[in-house]
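A short write-up of the structure that comes next.
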Amino acid sequence: MNRVTSTDHDSPIGPILLTFVDAALVRLDVAHEGLDLARADIARRLGVLPEPDAATGAPLVRQLDEYFAGRRRSFEVALDWRLVRGFTRAALEAAIDIPYGEVASYGEVAVLAGAPGAARAVGTACASCPFSIVVPVHRVVRADGAIGEYGGHPEVKEHLLALENAAVLGEGLRVAP
């Protein structure tokens, strides 16, 4: 039987609920509507209320803090894909390959996912991503360069893109000793 745990974390973009099945992340929820609703949603999806466990989430919490401080570009955490179906997984796996500080259009991600012409489906996949931030769906933008909605919170997407852009630009300004 799998052990389902969760930990919450305060972040610059709001409270985050991290849920794990054994040691694999099954959901990262930026809990805009509150942690209690996020917990109820994941309990409904998994059929079990996760038990609080800060230890399981501690490595990812550290990585998130490093990311928000501009010192981390990718995450080292196992992902449990049980809440992802069909083309959504291919689209999200393609999004993982978008480099830090860069963006790709929904159409470009559709091509990378093996389904040219499926830009709208990529948008749906990004909107339902259970691993936001870790799987950088915030780097997927409209063909005209507009950032899009990001689950109804475009200000979060804008914040994440600005954070990455500032970190990349800051590297170019460093003077060698």
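Counting only other residues whose beta carbon sits under 12 Å from that of residue 67, what net charge do I get with K and R as +1, D and E as -1? Before the final figure, lay out each step's value.
Working: positive: 62, 71, 72, 73; negative: 65, 66, 76, 164.
Net local charge, residue 67 excluded: 0.
Any idea of the accessible area per residue across the chain, 1.4 Å probe, to the nearest Å²? Walk me through the numbers on the way to the answer.
Numbers: 9140 Å² over 177 residues.
Averaged over the residues of the chain, the accessible area is 52 Å².
Using 0.36 nm times the number of residues separating residue 159 and residue 32, minus their current alpha carbon distance, what extension gain do you get?
Details: separation 127, 0.36 × 127 = 45.72 nm, distance 1.47 nm.
Working it through step by step, the gained length comes to 44.3 nm.
Computing the accessible area with a 1.4 Å probe over protein heavy atoms, can you report the carbon and sulfur percentage for the chain?
Details: 4810 of 9140 Å².
Answer for the chain: carbon and sulfur cover 53 percent of the accessible area.
To the nearest whole percent, what portion of all C-alpha pairs in the range 48-93 is separated by more than 11 angstrom? Numbers along the way, then the final one.
Values: 776 of 1035 pairs.
Result for the distance tail: 75 percent.
Counting only other residues whose beta carbon sits under 11 Å from that of residue 82, what net charge do I get with K and R as +1, D and E as -1? Mind showing how you got there, number by number?
On the way: positive: 27, 45, 85, 89; negative: 80.
My count for the surroundings of residue 82 gives +3.
For Cα pairs less than 8 Å apart in space and 6+ apart in sequence, what is the mean separation divided by the residue count of the range 5-101, i.e. the relative contact order in percent?
On the way: 121 pairs, mean separation 26.0, N = 97.
Relative contact order comes out at 27 percent.
Take the chain, connect every pair of alpha-carbon atoms lying under 10 Å apart with a spring to form a Gaussian network, then pick out the residue of 73, 139, 82 with the largest mean-square fluctuation.
82
From the residues 121, 106, 141, which one has its Cα farthest along the dipole of the range 68-177 in the positive direction, the dipole being from +1 and -1 charges on Cβ of Lys/Arg and Asp/Glu about the Cα centre?
121
Enumerate the calculated ³J(HN,Hα) couplings along the range 73-83 in order (Karplus 6.51 cos²θ - 1.76 cosθ + 1.60, θ = phi - 60°), each rounded to whole Hz, writing x wherever the residue is Gly or Pro.
Computed from phi, the couplings for the range 73-83 are 10, 8, 10, 10, 8, 6, 10, 9, 8, 4, 8 Hz.
Order the peptides 119-131, 41-53 from the highest to the lowest mean number of other Cβ atoms within 10 Å of their residues.
Numbers: 119-131: 20.7, 41-53: 14.4.
Top to bottom by mean Cβ count within 10 Å: 119-131, 41-53.
Hey, how much of the P(r) for the range 72-115 falls beyond 12 Å, as a percent of Cα pairs?
On the way: 607 of 946 pairs.
Here the long-distance tail beyond 12 Å is 64 percent of all Cα pairs in the range 72-115.
Under a crude label model (7 Å from the Cα following the beta-carbon direction), how far is residue 115 from residue 10 in nanometres?
4.0
So what is the relative contact order for the chain, in percent, with contacts set as C-alpha pairs under 8 Å and at least six apart?
On the way: 269 pairs, mean separation 32.0, N = 177.
Worked out over the chain, it gives 18 percent.
Based on the Cβ-Cβ distance of residue 72 and residue 51, what FRET efficiency does E = 1/(1 + (r/R0)^6) give at R0 = 35 Å, to the nearest 0.05? Provide the component values of the computation, followed by the final result.
On the way: r = 27 Å, r/R0 = 0.78.
Efficiency at R0 = 35 Å is approximately 0.80.
What would the Debye formula give as log10 I(q)/I(0) at q = 0.16, 0.19 Å⁻¹ for the alpha-carbon point model of the chain, no solvent?
Taken in order of the listed q values, log10 I(q)/I(0) reads -0.98, -1.32.
Using the Cβ atoms and a cut-off under 12 Å, what net charge is assigned to the surroundings of residue 54, where Lys and Arg are +1 and Asp and Glu are -1? Intermediate results must be reported in sequence, preceding the final value.
Details: positive: 62; negative: 8, 51, 53.
Once positives and negatives cancel, what remains is -2.
The values are calculated or read from the model by the stated rules, or taken from the named source; none is laboratory data. Because the structure is a prediction, the values reported are computed rather than measured. Neighbour counts are summed over all protein chains in view; Cβ atoms, including those assigned to glycine, are modelled from backbone coordinates with ideal geometry. What goes into the accessible areas is simple: the full protein's heavy atoms, side chains included, and nothing from ligands, DNA or RNA. Shrake-Rupley method; radii C 1.70, N 1.55, O 1.52, S 1.80 Å.
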